[in-house]
1. Please go through (1) under 26 Å from the mean Cα position of the chain (by Cα); (2) of a type in the set (A, V, I, L, M, F, W, C); (3) within 30 Å of residue 8 (Cβ to Cβ) for residue 34 and return the number of the only condition it doesn't satisfy.
2. Name every residue in the range 25-78 that is in contact with a helix residue (DSSP H, G or I) (Cβ under 6 Å, 6 or more places away or on another chain) and hydroxyl-bearing (Ser, Thr, Tyr), in order of residue number.
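Readers should treat all values here as calculations from the given coordinates under stated rules, not as data from a laboratory. Just so it is clear, the structure is predicted and the values come from calculations on it, not from any experiment. Cβ atoms come from the backbone with ideal geometry, glycine included; neighbour counts cover every protein chain shown.
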Amino acid sequence: MRPDGSLIRRRGSGPCVGTFPYSPLASATMRDQAPKDDLEGWMYMMFEMVNERPKYQQIHRLLMTAVRRLDIPLDVPYDWQVFPSLISLVQKSTWSHLPGNKD
């Protein structure tokens with residue numbers, strides 16, 4: 001705001017700054033930002049902290065829902081744990097055979 005009380009006009013374009021999920025629309029559309037845009041970004045962040053689960057929990061929940069719906073058994077061993085030829089192949093493909101690796 002100018003000393004005479006008139007508002008300062010925004011520039012036509014500005015940098016895209018901030019963390020993408022929390023950036024205000026002005027930043028995402030490459031417009032100049034004002035203090036109200038900081039409040040918008042803070043609001044997005046608070047909404048996620050209060051109302052949502054972390055993204056990895058949502059992915060796990062979707063995966064487990066699909067497993068139940070498709071009746072996929074998760075206690076079955078992997079094929080490389082069952083077939084001797086695959087066990088030896090997995091053992092040969094570890095990093096321990098390379099020079100300098102002792103693990």
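1. Failing condition for residue 34: (1).
2. 44
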